[in-house]
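FYI, it's all coordinate maths here, none of it is from the lab. Being a predicted model, the structure only gives us computed values, none of them experimental. Here the Cβ is made from the backbone with ideal geometry for all residues, glycine too, and neighbour counts use every protein chain on show.
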Amino acid sequence: RLCCQATKALFTHLDPRFKLPHHKTVTNTLIPRYAARVRDHLISELKDLRSLGLTITFDLWTQHCIPFLIITGHWITLGCMMRSGALGVVPVPESHRDNAGSDNIPRLTAEVLLSLGLSTEQIS
């Protein structure tokens, strides 16, 4: 609550006419809209990778007893610019502390790549 009050005070000080959006508007509209734009941009940039390839890294962590896998892609654009981006964050069906959870990583990776229009053959 203190953070919300401080944020409101800051924006009121900067511009008293500005009204912060309701938290439900942020959660249900603004974040999904921004995430879709970022995803569309990522897909557009990754279309140029057909011949250059993609390197991926993984990170596993647990949040509120739910294990998650983040897949990060690293690539060089046709203009020779180094890029990186989060390709996907997915819950891992079993705990990543045992082999059962780790066995899901190839399948989850393939699903994330497919959702972006890529294949596992493009990974270097």
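Candidate cross-link partners of residue 8 among the lysines, defined by an alpha-carbon separation under 22 Å and a same-chain spacing of 8 or more, comprise 19, 24. Residue ranges 104-110, 13-19 sort as 104-110, 13-19 when ordered by packing (mean number of other C-beta atoms within 10 Å per residue, highest first).
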